[in-house]
Amino acid sequence: MASCRNDNGVSIAMAITWKEYSSGESFDELITPGGRARTGAGKIVQYLRGLSDEDLRERREAAELAMHVMGITFTVYSEEGGIDRVWPFDIIPRIITAREWRTTDEGLQQRVQALNMFIADLYDEQRIIKDGVFPAGILEHSVNFREQCIGIKPALGIWAHICGSDLVRDRDGTMYVLEDNLRVPSGVSYMLENRLVMKRVFPELFEDYSILPVDGYSTRLFDMLASLSPRPADYPTIVVLTPGIYNSAYFEHSYLAQQMGVELVSGSDLFVGDDDCVYMRTINGRARVDVIYRRVDDLFMDPEVFNPDSMLGVPGIMRAWRKGNVGIANAPGAGVADDKVVYAYVPEMIRYYLDQEPILQNVPTYLCMNEEHRKYVLANLDKLVVKPANESGGYGMMVGPAASKKTRKEFAELIRKDPRNYIAQPTLSLSTSPTLCDGHVEPRHIDLRPFILSGENRHVTRGGLTRVALKKGSLVVNSSQGGGSKDTWIVETGGR
Amino acid sequence: MLLSSVAERVYWFARYVERVENTARMILVNNNLLLDMPRNSTLGWAPIVSITGIADKFYETHKEANERNVMRFLVMDAANQSCMLCSLAHARENLRTSRAIFPRAVWETLNDLYAYARENKSSVLTRRGRYHFMQHVIDSCHLISGKLSASMSHDQIYEFVRMGRNIERADMTSRVIDVRAENLLPKHDEELKPFDDIQWKSVLDSLAGYQMYRRYVHVRVRGTEVLRYLLQDIYFPRAIHHCFNQAEQCLRNLPMNEAPQYALVKAQRLVRNAKVENIVHANLNEFINQLQLAIIDINAELTSTYFEGKEVSPALYYSLPRELATA
């Protein structure tokens, strides 16, 4: 390994000097406040120290090239139509010990199990409301509750088959669940591709570390979808339903279809026959479809039932689903639990349905619909993050400490007008991880999105997608707003 | 399993790529021809506008066809959706939505070509720049065909590529004959006479056929023979008879091919049974009209059979009329 100093004691310009690295008051995933490597991070810290500027640049270029060659893109709208961009990728991995991950894995399974029971209950007897645990008022104003789904019994009683939960770590090192994405969570393709890129760029590190593999996901996804087939005896026909190439996640739709070896279809490829079964149009005539992995929002799925102007959906598909002739993942209506007000009740759900204490913590949440909470929120807008209940992608939120007086005033007005639609949380500091910025290593804020599959069995990805806010000091990790991603390594630390 | 929508995109992708190549060659040839013609010749660029089939649209906004405005119209004017840039954009869009099916290298070549055409489009306004531009486009299109042929499974999807290519070729050849031959046949400016042969040669050149014509026809370039060659030769890739034969072979490998096969056989008979000597002197126009209608008919049958995903009973599927084509 290269040394940092030559024999004359003259310091050679090395790319990474950990001495100057400081993440301030945020928790850093790899480096302790004292400047030492955390458990599991020792080898990578040492390894990076041994790389020259030139080495680092080479690795970085190799990673970029790999991303281009593999065609890892997301779509950005512009005046000239959709353009594929490569999503920024940072070559320094984020590391979590297998020991910590086992608890997180359990906690996520527990959470998703409770969420699924909650959704099933809401579309059935609504026991949780009758028992006074969950206020009826919240449901009345839910924009993602679909009355059309009441009474439907999907296969296996599961509604949210694919869940992407966002985890963040606060300054004290505690991992919190920030939100659960139960509609059409995306990002898993980047998780898979990031690992492939890393294997090309740092093969030697994979020899030193015992890193849990992630590449079983596509197979698990396929098996989970297959378990929803209404014709279990046959080899199921599964399709991925995409809104089309202008969707920002189109790359992922086509990627997953390819990985699973199933067809990628859009609404116009499908139709519902007189027998209330779903078919796709092929050059051989019609072919029955058993399971649809839909990446179209449920409001656009069936113009007969929901948005009548939708061109993305399939008329009659809800009819077919209700009759049990086709499996749909996630089930239409599953988004009811993807609501930041509902989120606040997840710990209660876990106690109510499972009679267990939550393993993973929620971020303390103030519900503006609650008068006492609202008073507190309005009085502390400069300390809190305010979020609308039903937005995703980081839109429409306010980070109190960073907001201008004017913005805070605007949000106070919004909250008073529509309290049900707003929640507030203390400003978390979000942990950081060393990130390569212009040849230097600097701390950047990150989060983590693991994916949880629920079918006959449940499966949690080993790690997930780590998203990183590339702008200095920024807490916004969304790809649409200047975020990038990192590979996430769950490493075994004992014994090796 | 081949989705109807994918088959349709693949078919149109192939047609657009072929269209770009054909347009480029046509421009190149006309360019060369004009350099040889007397200054006061009436030839000019108007016939090229007619070949596109949307001359009306052109004259809505242009008083006359001159080198500059025709070049814009053929290369970059969005009013002409078949212009080279639009065709490339369409081809790219069709490929983009079915990328998983094609070898990656094909996507890269088309993407490069599209970027090149966008960046260098204004170079076509000079005769020098034009030559390089068109040559590059033609070469890139050949590269795409070559990559497809060499690295893609020759399965049902590939049949739609071949089909698109051959239908587009037949269409182009019929248009070139229509416009160019019409002008060249008898009742003409006496003054042009000495240049007849180079004009007929240019007709062949537009379809990359001069060399092959000389090898196989063994007579000097003469109107009737050129026409016969372009219509009825079975070996030349842009001769209409050959294109139809190819399309027919594609269909044999596809299911439910009765209706399109029938349309194809009708078109084939029209071409094969044509008495070229008679057509040349009497009713070329009418003949080409019939041919164009036949091509439209083939396209319509392909569309309703394969691209609209309508249901066909299995019984029909198994009674493929294979003999029909050879009857």
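Say R0 is 22 Å: what FRET efficiency, to the nearest 0.05, do A:Arg102 and A:Glu391 get from their beta-carbon distance?
Computed FRET efficiency for A:Arg102 and A:Glu391 comes out at 0.10.
Using a Förster radius of 51 Å, what is the FRET efficiency between A:Ser52 and A:Lys130 based on their Cβ-Cβ separation? Nearest 0.05, please.
The formula returns an efficiency of 0.15 here.
Please compute the net charge surrounding B:Ser5, taking Lys and Arg as +1 and Asp and Glu as -1 over other residues with Cβ under 12 Å from its Cβ.
Counting the neighbours of B:Ser5, the net charge comes to -2.
For B:Cys141, A:Cys277, A:Cys163, what ranking results if the residue with the fewest other Cβ atoms within 10 Å of its Cβ goes first?
The order, fewest Cβ neighbours first, is A:Cys277, B:Cys141, A:Cys163.
In whole angstrom, note down how far apart the Cα centers of the stretch B:86-156 and the stretch A:241-301 are.
29 Å
Would you kindly derive the ³J(HN,Hα) couplings of the stretch B:152-164 from the backbone phi angles with the Karplus curve 6.51 cos²θ - 1.76 cosθ + 1.60 (θ = phi - 60°), listing them in order in whole Hz, with x for Gly and Pro?
Ordered by residue, 3J(HN,Hα) equals 10, 4, 8, 9, 4, 4, 5, 4, 6, 5, 4, 4, x Hz.
At 222 nm, what value in deg cm²/dmol follows for chain A if DSSP H runs of at least 4 each add -39500 (n - 2.57) and the sum is divided by all its residues, to the nearest 500?
So the calculated ellipticity at 222 nm is -8000 deg cm²/dmol.
How high is the FRET efficiency from A:Asp276 to B:Ala100, r the C-beta distance, R0 35 Å, rounded to 0.05?
Calculated value: 0.70.
Pull up all non-local amide H partners of A:Arg286: gap of 5 or more, or a different chain, and H-to-H distance under 5 Å with H placed in the peptide plane.
So A:Arg286 has HN proximity to B:Val312.
Could you check the simple spin-label distance between A:Leu354 and A:Thr174, using points 7 Å along Cα→Cβ, in nm with one decimal?
Each label point is offset 7 Å from its Cα along the Cβ direction, giving 1.8 nm.
Taking every pair of Cα atoms in chain A, average 1/r, invert it to obtain the Kirkwood radius, and report Rg/Rh to two decimals.
On the way: Rg = 23.6 Å, Rh = 24.1 Å.
Result: Rg/Rh = 0.98.
Per residue of A:261-267, how many C-beta atoms from partner chains lie within 10 Å of its own C-beta, taken as a mean?
3
Considering every residue in A:245-256, what mean count of other chain Cβ atoms within 10 Å of its Cβ is obtained?
Averaged over the peptide's residues, the number is 1.
Checking the a/c ratio against 1.5 first, then a/b against b/c, what shape does the Cα gyration tensor give for chain B?
It is oblate, given that a/c is not under 1.5 and a/b is not larger than b/c.
Go through the stretch A:407-413 residue by residue and turn each phi into a ³J(HN,Hα) via Karplus (6.51, -1.76, 1.60, θ = phi - 60°); whole Hz please, and just put x for glycine and proline.
4, 4, 5, 4, 5, 4, 5
Based only on other Cβ atoms within 10 Å, what is the fewest-to-most ordering of A:Thr461, A:Thr282, A:Thr17?
Final ranking by Cβ density, sparse to dense: A:Thr17, A:Thr282, A:Thr461.
For A:Ser429, which sequence-distant residues (separation of 5 or more, or a different chain) have an amide H within less than 5 Å of its own amide H, given hydrogens modelled in the peptide plane?
Residues meeting the amide H criterion: A:Arg171.
What residues have an amide H closer than 5 Å to that of A:Phe89, excluding those fewer than 5 places away on the same chain, when H is modeled at 1.01 Å from N in the peptide plane?
A:Ser485
Using θ = phi - 60° and the Karplus curve 6.51 cos²θ - 1.76 cosθ + 1.60, what whole-Hz ³J(HN,Hα) does each residue of the stretch B:227-243 get, with Gly and Pro shown as x?
4, 4, 4, 5, 8, 10, 5, 9, 9, 6, x, 10, 6, 4, 4, 4, 4
Please work out the Cα center distance from the stretch B:48-67 to the stretch A:180-220, rounded to the nearest Å.
Rounded to whole Å, the Cα centres lie 56 Å apart.
Between A:His440 and A:Asp234, 0.36 nm times their residue separation minus their Cα-Cα distance comes to what?
Fully extending the segment from A:His440 to A:Asp234 adds 68.6 nm.
Can you check what the net charge comes to around A:Asp215, using other residues whose Cβ is under 15 Å from the Cβ of A:Asp215 (Lys, Arg +1; Asp, Glu -1)?
+2
What percent of all Cα-Cα pairs in the stretch A:137-251 falls into each 5 Å bin, going from 0 up to the bin containing the maximum distance?
Per 5 Å bin, starting at zero, the Cα-Cα P(r) for the stretch A:137-251 comes out as 2, 7, 11, 15, 17, 18, 13, 8, 5, 2, 1, 0 percent.
If I model a spin label as a point 7 Å beyond the Cα along the Cα-Cβ vector, how far apart are those points for A:Met311 and B:Gln290 in nm?
4.1 nm
What relative contact order, as a whole-number percentage, does chain A give when Cα pairs under 8 Å and 6 or more residues apart are counted?
Result for chain A is 23 percent.
How do A:Ser431, B:Ser151 rank when sorted from fewest to most other Cβ atoms within 10 Å of their own Cβ?
Least crowded to most crowded, the residues run B:Ser151, A:Ser431.
Work out the length of the dipole vector of chain A about its Cα centre, built from +1 on the beta-carbon of each Lys and Arg and -1 on the beta-carbon of each Asp and Glu, and round it to the nearest 20 debye.
Here the size comes out at about 780 debye.
Straight-line reach from A:Lys471: which lysines have a Cα under 30 Å away, not including same-chain ones fewer than 8 places off?
A:Lys19, A:Lys43, A:Lys199, A:Lys340, A:Lys383, A:Lys387, A:Lys405, A:Lys406, A:Lys409, A:Lys486
Can you return the lysines within cross-link range of B:Lys201? Criterion is Cα-Cα under 17 Å, with same-chain partners fewer than 8 residues away left out.
Qualifying lysines at Cα under 17 Å: B:Lys193.
Please label the shape of the stretch A:85-179 as rounded, prolate or oblate, based on the square roots a ≥ b ≥ c of the eigenvalues of the alpha-carbon gyration tensor (a/c under 1.5 means rounded; beyond that, a/b larger than b/c means prolate, else oblate).
Details: a/c = 2.25, a/b = 1.95, b/c = 1.16.
Prolate.
Among B:Leu204, B:Leu291, B:Leu270, determine the one that fluctuates most according to a GNM of chain B built with springs between C-alpha atoms less than 10 Å apart.
B:Leu270
Every read-out reported here was derived from the displayed coordinates using simple, explicitly stated rules and does not represent laboratory data. None of these values were measured; they are calculated from a predicted model. Counting neighbours? That spans all protein chains shown, and the Cβs are built from the backbone with ideal geometry, glycine included.
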